[in-house]
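Report on the following structure.
The values are calculated or read from the model by the stated rules, or taken from the named source; none is laboratory data. Given the structure is predicted, the values throughout are model-derived calculations rather than measurements. We place every Cβ from the backbone using ideal geometry, glycine too, and count neighbours over all the protein chains shown. Heads up: the accessible areas ignore ligands, DNA and RNA and are worked out on the full protein's heavy atoms, side chains in. Shrake-Rupley method; radii C 1.70, N 1.55, O 1.52, S 1.80 Å.
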Amino acid sequence: CGGDDDGCYGPIDKVEHVRLVKRIQPGSPDAPYGPKGPLEWGQINFMHTTDTHGWLAGHLKEENYGADWGDFATFTRRMRQKADNLGVDFLLVDTGDLHDGAGLSDATTIDGTTSMPIFSEIEYDLLTIGNHELYVAEVAKQMFNEYAKKWGDRYLTSNVKVYNDATKQYEHVGATHRYFTTKQGIRIMAFGVLFDFTGNSNASQVIKAKDMVKETWFQDAIHTDKPVDLFVLLGHNPVRQTDYANTFTTVWNEIRAVHKNTPITIFGGHSHIRDFAVYDQASVGIEAGRYCETLGWVSQSGFSKCNSGYHGAKKPDGKKLSRKATDNSAAPWAYSRRYLDWNRNTFMYHTSSDKNFDSQTGLEITQEITTARKDMNLGEVYGCAPETYCISCVPFDDPKNIFPGVIKPAVNAVVLNETRKDKARMIIGNTGAIRFDLYKGPFTYDDNFVVSPFRDVFRYIPDVPFDKASQVLGLLNKGTVAKREFASMPITRDDCVDPLIGALTLRDMHQERGTVRRQETITSGYATKDDWGTDGDDTEHTGIPNYSIPSYWESRAGFPTGSDPEKVDLIFFDFIEKYVLQDLGSGFTSDMVSCYINCTFTSQDFMLPYAKLMWQDNIDNCPISA
Ligand SMILES: Nc1ccn([C@@H]2O[C@H](COP(=O)(O)O)[C@@H](O)[C@H]2O)c(=O)n1
Ligand SMILES: [Zn+2]
Ligand SMILES: [Zn+2]
């Protein structure tokens, strides 16, 4: 069972039994419902990844997103080749958040030590930095010292600097901007802008977009004497202009003030959604989801010798791109956009490659991932989860929601300082620290990082009057958005079915996940609505129920029966310490706070003991539900 063509399972890690995704051929009875039709190629074509967060092994428990980084490497190579054959341009872009979300990136002492060399095996044309590259000083330095050097002027970090130990100065991580000419002659000026992030360590500095646009280098770049046919704006920012974290508008306004008609094509991220926003008749922006579930596609035409240096094919695949950004657009620019599901079926379909899809490089990358996973014991099974628990597919208080179903019982059982076990305790966390649904079946070392990837230390204040402590959750959840910059993103996805109308029950979702998907079955997944409507998903889905959840959760343990305690130990992640203190009010100061168990016991450390404690039934014969 050597290759993937014979319907065999892909590289199965026997110890792990975690590659649950069968490697399938398009058209086979096992193939998932696939792409709706060929992509529309333009004169310039972009593929976009964002918020990959270490998911380079793919979604081992979700067939629909089961391709790995090796498969993706093969796909990008084939797409480049196809562009060359068509005589058009192709650019691959990434908009950051490369760590925090999977064992491959987070199970090493410094995040990314194993995953980053694998990530960087793909030849991106343009990349920019995310906030997750800046929380931890060592990670920021790794990006500065290794990857910025490797990626050179393709890594655009227009408003992010890192402290250089050698020069003792803060310096741009990568390049501020890049002016270049594509193979087919399009002259591009590109920038890479992070949102106004303030949670970075002191190893870095983030310059607010409104200040960055005043800097000389930026003003020089937008007033350049060189011809610019297209501005490309990358950024770890949502593309929707109404989103609170959006800073593209600031940069976009500056460019537009000088270049009234030049197209500006935007690639965003951070809010983890599929989205496409129209800025004006010559400017659109895409955001390509999260966690290697989505690959964004934007194509653009309208270049001619009158408005650019473009000398490639006029009509790449025989038909012209016909969709203008706005209904009344008088500009020459036409676009297409598509959100591709991250699976081999999709990749094979769009490269018409069927049995011959795999490349040597791709197979080698897949092998590297398999070896790394084995070396890191990522497939080691710690328990057999009896149910699936999700973050937002059921209401926050539903027993199958991950917070009441797993997180609260787990912290109650595991987060306990023996010397204070007789004290009543309240544990408060930010919901944004819990990153992914937990699936019924084998709970692996990897799943620990998938669910709770951060190293946020459990800290506490002893003996807080209960009437004070019990107000904190409510106050935290009332906090302003700016204050909650670190907390979970407000859930504003349009790609969901209304929870009250036609929502799938969790049971339905289970059944769907368990069902062999044939071509005629529409599967559960994103049903995206964006500025152009509902036709952006490459593979149609039924939509995912999505209930909004608060920004914080609280759990109580060791309470006396039938009454409230006089005092409690108030425990919380160090990540939210500042805000807990603010909401406790006067009389509470940081010198009252100390580590609860010890200063190395973090949010990475409570799920595995809980799985060992609670999920041992059927451990040797744990049914896989994917
Ligand atoms: N140490 C940390 C760091 C981050 N978080 C949570 O992640 C959110 C940001 O994630 P994005 O992928 O959207 O950039 C942040 O708002 C926090 O909720 C954390 O809990 N601990
Ligand atoms: Zn992210
Ligand atoms: Zn982010």
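For segment 292-428, count all C-alpha to C-alpha pairs, find those more than 24 Å apart, and express that count as a whole percent of the total.
So the pairs more than 24 Å apart make up 67 percent of the total in segment 292-428.
Which percent of the accessible area of segment 205-245 is formed by carbon and sulfur heavy atoms (probe 1.4 angstrom)?
Here carbon and sulfur together make up 51 percent of the probe-accessible area.
Packing-wise, with mean Cβ within 10 Å as the measure, how do 267-275, 118-126 rank, highest first?
Top to bottom by mean Cβ count within 10 Å: 267-275, 118-126.
Determine the calculated [θ] at 222 nm for the chain from helices alone, applying -39500 (n - 2.57) to every DSSP H run no shorter than 4 residues and normalising by the residue count; nearest 500 deg cm²/dmol.
Here the helix-only value at 222 nm equals -6000 deg cm²/dmol.
Whenever you get a sec, compute what percent of the accessible area on segment 343-406 sits on carbon and sulfur atoms (1.4 Å probe).
It is 47 percent, rounded to a whole number.
In debye, nearest 20: dipole of the chain around its Cα centre with unit charges on the Cβ of K, R (+) and D, E (-)?
Dipole of the chain, to the nearest 20 debye: 1280 debye.
Using C-alpha positions alone, give me the convex hull volume of segment 107-232 per residue in cubic angstrom.
Dividing the Cα hull volume of segment 107-232 by its residues yields 113 Å³.
Pop out the Kirkwood hydrodynamic radius of segment 72-137 from its pairwise C-alpha distances, inverse of mean 1/r, in Å to one decimal.
One over the average 1/r among Cα pairs gives 13.4 Å for segment 72-137.
Considering only protein heavy atoms and a 1.4 Å probe, what is the carbon-and-sulfur percentage of the accessible area of segment 52-136?
Result for segment 52-136: 49 percent of the exposed heavy-atom area is carbon or sulfur.
Which values, in whole Å and largest first, are the semi-axes of the equivalent ellipsoid of segment 383-434 obtained as the square root of 5 times each eigenvalue of the Cα gyration tensor?
They are 24, 13, 9 Å, listed from largest to smallest.
Antiparallel as a % of all DSSP beta bridges within the chain, to the nearest 5?
Approximately 60 percent, going by the DSSP bridge assignments.
What length, rounded to one decimal in nm, is gained on full extension from ALA257 through to HIS223, with 0.36 nm per residue of separation minus their alpha-carbon distance?
Length difference between fully extended and current span is 11.2 nm.
Size of segment 523-626 along its principal axes in angstrom, Cα-based, largest extent first?
56, 46, 34
Taking only protein heavy atoms and a 1.4 Å probe, what accessible area per residue, in Å², does the chain have with all protein chains in place?
Per-residue accessible area for the chain comes out at 38 Å².
Report the Cα centroid-to-centroid distance between segment 560-591 and segment 346-393 in angstrom, as an integer.
42 Å
Which order do the peptides 235-242, 140-147 come out in when sorted by mean C-beta neighbours inside 10 angstrom, highest first?
Final packing ranking: 235-242, 140-147.
With no solvent and one point per C-alpha, what does the Debye sum give as log10 I(q)/I(0) for segment 160-224 at q = 0.13, 0.15, 0.26, 0.29 Å⁻¹?
So the normalised log intensities work out to -0.45, -0.58, -1.17, -1.29.
Based on the mean of other Cβ atoms within 10 Å per residue, sort peptides 553-560, 451-458, 61-68 so the most packed one is first.
Those peptides, ordered most packed to least, come out 61-68, 451-458, 553-560.
Let me know the volume per residue of the alpha-carbon convex hull for the chain, in Å³.
160 Å³
What residue among VAL450, ASN237, HIS59 has its Cα farthest toward the positive end of the dipole of the chain, where the charges are +1 on Lys, Arg and -1 on Asp, Glu, each on the Cβ?
In the chain, that residue is ASN237.
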